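Structure record follows, encoded as structure tokens.
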Amino acid sequence: MSRLWYWPVVLGALGLAGAASAPGRPLLGQALFRPVQTVEGPVPMPVGVEGAAFCRTYRCVGSQSQGTTTTGTLGWYVAPLSARAEQVLRDSGAGRFVPEATVMYEKNIVTFADLMFDTTVRAALPAATLNLLGHFTRLVLGAPISGQKLSACYRTLKAEARCTVGTGRIQLAGGATRTFHAAFRTVDDGAGYSRVNYAIELDD
């Protein structure tokens, strides 16, 4: 099984072409909500995602939430910057597929991040999808995984329902370290509804 280095990481060991020269701040293991000053005073906002470079590269539309600012799940539709938020919501409401990022958090610490990025496994990863997966990995881990690893693992989904891209260790907000793994999986409910997901999560 291939392994990823934990953050902080040497990007040359994992990097996609054009990667930055230094790792960013990871989302996994860190706080999702932080206080944002408003006219009504400080309000907890999910700046762990919405304030990240990912939501400046793509339009993060939503969000759909369950739970509180302490524990729960939160999701965003992920669209090109040129897309209008109202149209993205209409497309989703009409049953058209829109990529969706979801995070799960406990005690305001992100433990799981998932990107639902397609409805079927294709012969090869389209370039735009590979870029999306690369940016999502940077959001979650603060550093990329090589495009070769992502593409090779993705190809096995033609025969398998799951493929582990890699594992590693990451430092949590409190200073402890935890093991994480990144994996592709396909979901099919047997009624023609299928999704292809890419998840990065802390191990129990």
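The values are calculated or read from the model by the stated rules, or taken from the named source; none is laboratory data. Being a predicted model, the structure only gives us computed values, none of them experimental. Because the Cβ atoms are built from the backbone with ideal geometry, glycine has one as well, and the counts that use them run over all protein chains shown. Just the protein is used for accessible areas: all its heavy atoms, side chains included, with ligands, DNA and RNA removed. Shrake-Rupley method; radii C 1.70, N 1.55, O 1.52, S 1.80 Å.
If each of R90 and D204 carries a label point 7 Å out from its Cα toward its Cβ, how far apart are those two points in nm?
About 4.5 nm, to one decimal.
Assuming 0.692 mPa s and 37 °C, estimate D for region 116-204 with Stokes-Einstein, Rh taken as the Kirkwood radius over Cα pairs, in µm²/s.
237 µm²/s
Assigning unit charges at the beta carbon (Lys, Arg +1; Asp, Glu -1) and nothing else, what dipole magnitude in debye, to the nearest 20, does region 48-99 show about its Cα centre?
Numbers: 5 positive and 3 negative charges, 26 e Å.
Its charge dipole is roughly 120 debye.
At 1.4 Å probe size, with the rest of the protein present, what percent of the exposed accessible area of the chain is carbon and sulfur atoms?
54 percent
Ignoring everything but the protein chains, give the 1.4 Å probe accessible area of Y58 in square angstrom, nearest 10.
40 Å²
Rounded to two decimals, what is the ratio between the C-alpha radius of gyration of the chain and 2.2 N^0.38 Å?
1.01
When a/c is below 1.5 the answer is rounded, else prolate if a/b is larger than b/c, else oblate, so apply that to region 101-149 with a ≥ b ≥ c taken from the square roots of the Cα gyration tensor eigenvalues.
oblate
Work out how much length V98 to S194 would gain on full extension: take 0.36 nm times their residue separation and subtract the Cα-Cα distance, in nm to one decimal.
33.3 nm
Using only the alpha-carbon atoms of region 23-63, report the extent along each of the three principal axes, biggest first, to the nearest angstrom.
33, 23, 16
Run the helix sum for the chain: -39,500 (n - 2.57) per DSSP H stretch of 4+ residues, divided by residue count, reported at 222 nm to the nearest 500 deg cm²/dmol.
The helix contribution divided over the chain gives -5500 deg cm²/dmol.
Along the charge dipole of the chain, pointing to its positive end and built from +1/-1 on Cβ of Lys, Arg, Asp and Glu, which listed residue (T167, I145, Y198) has its Cα farthest out?
Highest projection toward the positive end goes to I145.
Keeping every protein chain present and rolling a 1.4 Å probe, give me the accessible area per residue for the chain in Å². Mind dumping the intermediate values first?
Details: 10390 Å² over 204 residues.
Heavy-atom SASA per residue in the chain reads 51 Å².
Under a point-charge model restricted to the Cβ atoms of Lys and Arg (+1) and Asp and Glu (-1), what is the dipole moment magnitude of the chain relative to its Cα centre, in debye to the nearest 20?
520 debye
Starting from 0 in steps of 5 Å, tell me what percent of the Cα-Cα pairs of region 49-111 lands in each bin.
4, 18, 26, 23, 15, 11, 3
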